[in-house]
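As structure tokens, the structure follows; a few thoughts come after it.
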Amino acid sequence: KLFPGMIEDWRSRWKYEFPFYFVQIAPFRYTKDTLKNVSQKLRESQRQALKLPKTGMVVTLDIGEFDNIHPGNKQDVGKRLARLALVNDYNSILNPMGPLLKGGELIENSIKLNFSNVGSGLTYFNNKANQFKISGPNMIFFEATVTVKDSSVYVSSSLVKNPLHVRYAWSDTPTATLFNGDGFPASSFELEIK
């Protein structure tokens, strides 16, 4: 509520719906207890602020440093912000950002996730740090089996017969594993299938 409220307040005070671009907080060990992750909720709030018109967000899941709250790679952050402005304010035909979750649906025992800003398609790097987790109504999450088809991702688990919830990169220190054709990472998210 606070972040979109601040954007709307500034726009009303300047009497102009100016573009508002921001950087999603980077992965970092925000707490000593790794079981008490909290930053993913702030990243989710930032992602939700994109519902406001003329906003854009740079995702830094791929360039964060777990031991440095201000990662050193400012150049890529600046390039990504510039790209948002080029597309949204100067009519460039570039893809402005990484994949953004549009929604999902239940298909048998899988959840199909649909994304915007996929460019030439989605790429998933299946490494030791599987960032997709699903659960049923009990909210006990298990690693998901992931399949990518065009602009959609299908997640399932043999341990979850009635999947209702899916999370991606849902921790303080996630590793980006989902990218678009332009090499930009997807934002972390949490989704409940209704």
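Against the set (i) 173; (ii) 221; (iii) 133, the structure's computed volume of the Cα convex hull per residue in Å³ falls on (iii). With the charge dipole of the chain set up from +1 on Lys and Arg Cβ and -1 on Asp and Glu Cβ about the Cα centre, the Cα lying farthest toward the positive end among the listed residues THR123, VAL58, ALA144 is that of VAL58. For the chain, a simple Cβ point-charge model (Lys and Arg +1, Asp and Glu -1, everything else neutral) yields a dipole of about 320 debye relative to the Cα centre.
If eta is 1.306 mPa s and T is 10 °C, what Stokes-Einstein diffusion coefficient results for segment 16-99, Kirkwood Rh from Cα pairs, in µm²/s?
Value of D from the Cα-based Kirkwood radius: 114 µm²/s.
Packing, taken as the mean count of other beta carbons within 10 Å per residue, orders the peptides 74-82, 97-105, 149-157, 117-125 from highest to lowest as 97-105, 149-157, 117-125, 74-82. Under 13 Å of direct C-alpha separation, and excluding same-chain neighbours fewer than eight residues apart, LYS161 reaches these aspartates and glutamates: GLU108. When the pairs LYS54/LYS149; LYS15/LYS194; LYS1/LYS74; LYS1/LYS79; LYS32/LYS194; LYS15/LYS149 are compared against a 32 Å limit on Cα-Cα distance, LYS15/LYS194; LYS32/LYS194; LYS15/LYS149 fall above it.
No lab work stands behind these numbers, since they all come straight from the coordinates. Computed from a prediction, not measured in an experiment: that's the story for all the values here. FYI the Cβ positions are ideal-geometry reconstructions off the backbone, even for glycines, and counts take in every protein chain you see.
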